[in-house]
Amino acid sequence: MAGALQPLTLAGAAAPARGRWLRAVPVATLLLFLGPIAAGLIGTWLPAFGYLPALGGESFGLRPWFELAAHPGLGSSLRLTLVSGLLASLATFVLAVGFLATCYKTRAFFLLRRLLAPLLAMPHVALAIGLAFLIAPSGWLARLVSPGLTGWERPLDLAIVQDPYGLALALGLTLKELPFLLLMMLGAIGQTRADQRLAVARTLGYGPAMAWIKTVLPAIYPQIRLPIYAVIAYSLSVVDMAMILAPATPPPLAVLVFRWFHDPELSLRFLGAAGATLQLLLVAAALGLWHLGERLAVRLGRRWLFAGGRGRAGPLLPGGVAALVALCFGLSIAGMLGLAVWSFARRWRYPEALPAEWSLDNWLRQTDGLVWAGGTTLLVGLAAAAIALVLVLGCLENEKRHGLHPTGRILWLLYLPLLVPQVAFLFGAQVIAVRLGFDGGWAAVVWSHLLFVLPYVFLALAEPFRALDERYVRSALCLGARPGRVFWTVKLPMLLRPLLFALAVGFAVSVAQYLPTLFAGAGRFVTLTTEAVSLSAGGDRRVIAVYAFFQALLPLLAFSLALLIPAWLFRHRKDMRVIE
């Protein structure tokens, strides 16, 4: 026994000396996050108070704020931002909680869970364009029922897309954020012994939904608080989806700020900086309001939790919630199918349900543009995802080797790029990059994508990495392998599937980035996302559909490879297939 443990002892004693470089990885990763965001915020706040010497702002003052307050469309922009953002966030939370409470471990639960990965892979812009093509007065839904059921020979004169209340934007945000929040909740449920909690509650006579709400939801809510905050922050500050689904005059605040930052009149940069700071304050106020709601719910709900009400629900409630969630998923999938149909349509007049003529000409005419934009998207996405994967692996391996336990503060720092509105700090980061001569290049674009890719890669990989059975590692150490060799020859092969899945998640996040590409790339980089947003203002649905559908295909291809490669490599190793 002593002989068997000797190699383990020696390896363990030597590990700190060889693994010192690992300690630098988390520090470097945090600096990579905090540095650009802090610098970007300062670089935005200074011109918000009139200081930007490069544009003639030599002193501090409140003039940008007075100009912002006097802007004629500001009130409408704020109302639109709050209505669409808060409505989408609340609908996403209610649907996610309601679905899991009423349908947990049912047939609908297992069916919809299989759809989470492809729906998560769907880029925001592609989903928004697909939804617009679906619900517009001349969209696919109207064509399927016209004129037989409606009698409409012509499209209705009705602003369903880009409506003045932002309802179409709220619907699009709900469709996009619902799979993300459901996935986060499923991950949290796996750490709370939900089945045992539910079994005890059911034996005490609680109904299924009430048992879930009273025993599982309080246990998982601390773990899903940050994802909920991320949903709120994104819904209140989204730009690309708002440019497609929200009204253009006046637009939501984030779009208004984006226009000021890209206006040829350089003096509007001060106004844009003030608007970006107001956007940050708006998100902070919304998060503070939600936090107050949490505290109020805890105070009021404690007595309700202990009151003992069993709350048996009839069959209509689970069926209704499942139908709403299925409708959301169905709209997303139908939107993608609509993009595919439009991309191959030669002639499709209203109210025909399907194109009268099909053709490949739409794709062939856009070949050069697709190759150029697709190549840029592919290179930036792969580089950002690969760098993020290396950094995350370094952080997790350092955590394992040194027996560290991440605290809540680390998670807050990890979520920081998702909680701070992009438009609130990217301008400042661009100003600093210009001063350093760093903007407009490949490195700047990859770095800007990395800010948003890394948190998702960490969330996708952390749990499988920490859940790897330590007995495999100890066995390898007992046989004389050094920690580095154990990492490369034991851990990585066993974690190949979650590694590739995390890489696919990072690639999908990079493909969807719009503002980082424009700000860091100084407008010199054309990706599928930037091209799809630009084309969405045009009138040729066939060309728009080609770019949007191709944009959605790349992440789907990445997720497919993440599933197929381990399945093929481990086709003769049954036990390796279950390592996730």
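The values are calculated or read from the model by the stated rules, or taken from the named source; none is laboratory data. Since the structure is predicted, the reported quantities are computational estimates derived from the model, not experimental observations. FYI the Cβ positions are ideal-geometry reconstructions off the backbone, even for glycines, and counts take in every protein chain you see. The area values use the complete protein model at the heavy-atom level, side chains included, leaving out ligands, DNA and RNA. Shrake-Rupley method; radii C 1.70, N 1.55, O 1.52, S 1.80 Å.
Here are some notes:
- Residue match in segment 317-339 (condition: more than 27 Å from the chain's Cα centre (by Cα), within 26 Å of TYR221 (Cβ to Cβ) and among the β-branched types (Val, Ile, Thr)): no
- Within segment 136-164, residues that are closer than 22 Å to MET243 by Cβ sit with their Cβ atoms under 9 Å from residues that are aliphatic (A, V, I, L, M) and open to solvent by 70 Å² or more (accessible area, probe 1.4 Å), at 6+ positions apart or across chains, in these pairs: PRO137/LEU156; PRO137/LEU158; SER138/LEU156; TRP140/LEU337; ILE160/LEU167.
- With a requirement of 2 or more residues that are surrounded by fewer than 16 Cβ atoms within 10 Å (Cβ to Cβ) and at pLDDT below 85, the helices (runs of 4 or more DSSP H) lying completely within segment 1-83 that satisfy it span 2-18, 20-48.
- Of the set (1) in contact with a Ser or Thr (Cβ under 6 Å, 6 or more places away or on another chain); (2) surrounded by fewer than 22 Cβ atoms within 10 Å (Cβ to Cβ), all apply to TYR514 but (2).
- Yes/no for GLU531 being of a type in the set (Asp, Glu), at pLDDT 90 or above and at negative phi: yes
- Residue within segment 416-434 that is β-branched (Val, Ile, Thr), part of a loop (DSSP other than H, G, I, E, B), in contact (Cβ under 8 Å) with a residue 40 or more places away in the chain and buried (at least 18 other Cβ atoms within 10 Å of the Cβ) present: yes
- Any chance ALA126 is open to solvent by less than 20 Å² (accessible area, probe 1.4 Å), part of a helix (DSSP H, G or I), among the small types (Gly, Ala, Ser) and modelled with pLDDT of 90 or more: yes
- Matching residues in segment 214-261 - criterion: being among the polar types (S, T, N, Q) and in contact (Cβ under 8 Å) with a residue 60 or more places away in the chain: SER235, SER237, THR249
- A search for C-beta distances below 6 Å between a residue of segment 550-568 that is among the hydrophobic types (A, V, I, L, M, F, W, C) and any residue that is in a helix (DSSP H, G or I) and open to solvent by 60 Å² or more (accessible area, probe 1.4 Å), counting only pairs 6+ apart in sequence or on different chains, returns ALA562/PHE501.
- Scanning segment 293-310 for residues that are modelled with pLDDT of 85 or more and charged (D, E, K, R), we see that the one that is most open to solvent (accessible area, probe 1.4 Å) is ARG299.
- Count of residues meeting criterion [under 21 Å from LEU528 (Cα atoms) and aromatic (Phe, Trp, Tyr)] in segment 235-282: 1
- With respect to (1) touching a residue at least 40 places away in the same chain (Cβ under 8 Å); (2) part of a helix (DSSP H, G or I), the lone exception for VAL490 is condition (1).
- Check on ARG295, touching a residue at least 60 places away in the same chain (Cβ under 8 Å) and either charged (D, E, K, R) or more than 27 Å from ALA520 (Cβ to Cβ) (or both): no
- For segment 94-107, the count of residues that are open to solvent by 40 Å² or more (accessible area, probe 1.4 Å) and within 19 Å of the chain's Cα centre (by Cα) is nonzero.
- Yes/no for LEU564 being over 30 Å from SER138 (Cα atoms), modelled with pLDDT of 90 or more and open to solvent by 40 Å² or more (accessible area, probe 1.4 Å): yes
- The conditions of being open to solvent by less than 40 Å² (accessible area, probe 1.4 Å), modelled with pLDDT under 90 and under 21 Å from LEU557 (Cα atoms) are not met by LEU115.
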